[in-house]
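*Asks:* I'd like to ask some things about the structure below.
Rule-based calculations on the coordinates, nothing more; no lab input. Just so we're clear, the structure is a prediction, and the values are computed from it rather than from any experiment. Positions of Cβ are generated from backbone atoms using ideal geometry, with glycine treated the same way; all protein chains shown enter the neighbour counts.
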Number of protein chains: 2
Amino acid sequence: MIVETPSPPYYAIIFTALLADDLEGYEETAKRMRELAKDHEGYYGMEDIGDKWEINISYWRDLESMIAWKQNAEHMIAQENGKKQWYECFKMRISKVERDYSFVK
Amino acid sequence: MIVETPSPPYYAIIFTALLADDLEGYEETAKRMRELAKDHEGYYGMEDIGDKWEINISYWRDLESMIAWKQNAEHMIAQENGKKQWYECFKMRISKVERDYSFVK
């Protein structure tokens, strides 16, 4: 669940959302997007938790790899469906990870 | 749950963790830390979700306000207890939010 990322700098897309009531097609699409992202160069992985409220963080090598993902045709359709149907509201933050620290017992 | 943040740039501390079995004192401390953070200048708020796996994102005005929070005496004790008792593992990422986008239906 904790994504293994290289030494900073790298990027994180922080996506916080409230899901709507009509979730038809949502799970299949979310699963497909997770698979699809893996084929993208510069994708490091995703951490996500949630039910009604959702936090989803994906990690990327650089701005270029994030833009390529944003513009993936299948992903663009999913983004549109997200706005039309699955999300009541969301906020997406593009952030540059400058430092990180890991702890394992 | 979605924190209202000013226009970028600002900072996010992305904290992803796996909780241990012995959670005695954890809930009280987590609640107290949420209250304590509010007294800190430059603190914008926190988004967190999770049970066994936890994602916690706090938003801050700048590096200085994050450092002051990290060095708060009561928070330092909580951080030590977190390592000794409550967390199996965690990763903390300091990131600078460069752009954001909000959607409300």
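*Asks:* Need one value for A:18-25: mean number of C-beta atoms belonging to other chains within 10 Å of its residues' C-beta atoms.
*Replies:* Working: counts 4, 0, 1, 0, 0, 0, 0, 0.
Averaged over the peptide's residues, the number is 1.
*Asks:* For residue B:9, which inter-copy label distances result when the label point lies 7 Å beyond Cα on the Cα-to-Cβ vector, reported in nm to one decimal and in ascending order?
*Replies:* Its label point is 0.8 nm from the equivalent points in the other copies.
*Asks:* Counting other Cβ atoms within 10 Å of each Cβ, which GluC sites (Glu not before Pro) in the stretch B:1-76 have at most 15 and sit in a DSSP loop?
*Replies:* Values: sites: B:4, B:24, B:27, B:28, B:35, B:41, B:47, B:54, B:64, B:74; in loops: B:4, B:24, B:41.
Taking the stretch B:1-76 and a limit of 15 other Cβ atoms within 10 Å, the loop GluC sites (Glu not before Pro) found are B:4, B:24, B:41.
*Asks:* Here's something else I'd like to know. All other residues with a Cβ under 14 Å from the Cβ of residue A:80 taken together, and with Lys, Arg as +1 and Asp, Glu as -1, what is their net charge? Working shown, then result.
*Replies:* Details: positive: A:70, A:83, A:84, B:105; negative: A:74.
In short, +3.
*Asks:* Now for a separate question. Counting Lys +1, Arg +1, Asp -1, Glu -1, what net charge surrounds residue B:98 among other residues with beta carbon under 13 Å of its beta carbon?
*Replies:* Values: positive: A:93, A:96, B:96, B:99; negative: A:62, A:98, B:100.
Neighbourhood net charge equals +1.
*Asks:* Can you tell me how the protein assembly as shown classifies by the Cα gyration tensor, rounded, prolate or oblate, using a/c under 1.5 as the rounded cut?
*Replies:* Details: a/c = 1.62, a/b = 1.56, b/c = 1.04.
Here the protein assembly as shown falls in the prolate category.
*Asks:* Please build a GNM for chain B, connecting alpha carbons under 10 Å apart, and tell me which residue among B:62, B:22, B:48 fluctuates the most.
*Replies:* B:22
*Asks:* Take the alpha-carbon positions of chain A, form their convex hull, and give its projected area averaged over all directions (one quarter of the hull surface) in nm². Before the final figure, lay out the partial values.
*Replies:* Values: hull surface 28.0 nm².
It is 7.0 nm².
*Asks:* Can I ask one more? Taking a label point 7 Å from Cα toward Cβ, how far is residue B:88 from its twins in the other copies, in nm, shortest first?
*Replies:* Counterpart label points of residue B:88 in the remaining copies fall at 3.2 nm.
*Asks:* Right, next: Calculate the length of the line joining the C-alpha centroid of the stretch A:1-75 to that of the stretch B:68-99, in whole Å.
*Replies:* Using only Cα atoms to place each centre, the spacing works out to 24 Å.
*Asks:* How far apart are the residue A:63 label points across copies, placing each 7 Å from Cα toward Cβ, in nm, shortest first?
*Replies:* Its label point is 2.0 nm from the equivalent points in the other copies.
*Asks:* So which of A:83/B:96; A:91/B:91; A:31/A:52; A:83/B:31; A:83/B:91 end up more than 24 Å apart by C-alpha?
*Replies:* Working: A:83/B:96 26 Å; A:91/B:91 22 Å; A:31/A:52 17 Å; A:83/B:31 33 Å; A:83/B:91 31 Å.
Where the Cα-Cα span goes over 24 Å, the pairs concerned are A:83/B:96; A:83/B:31; A:83/B:91.
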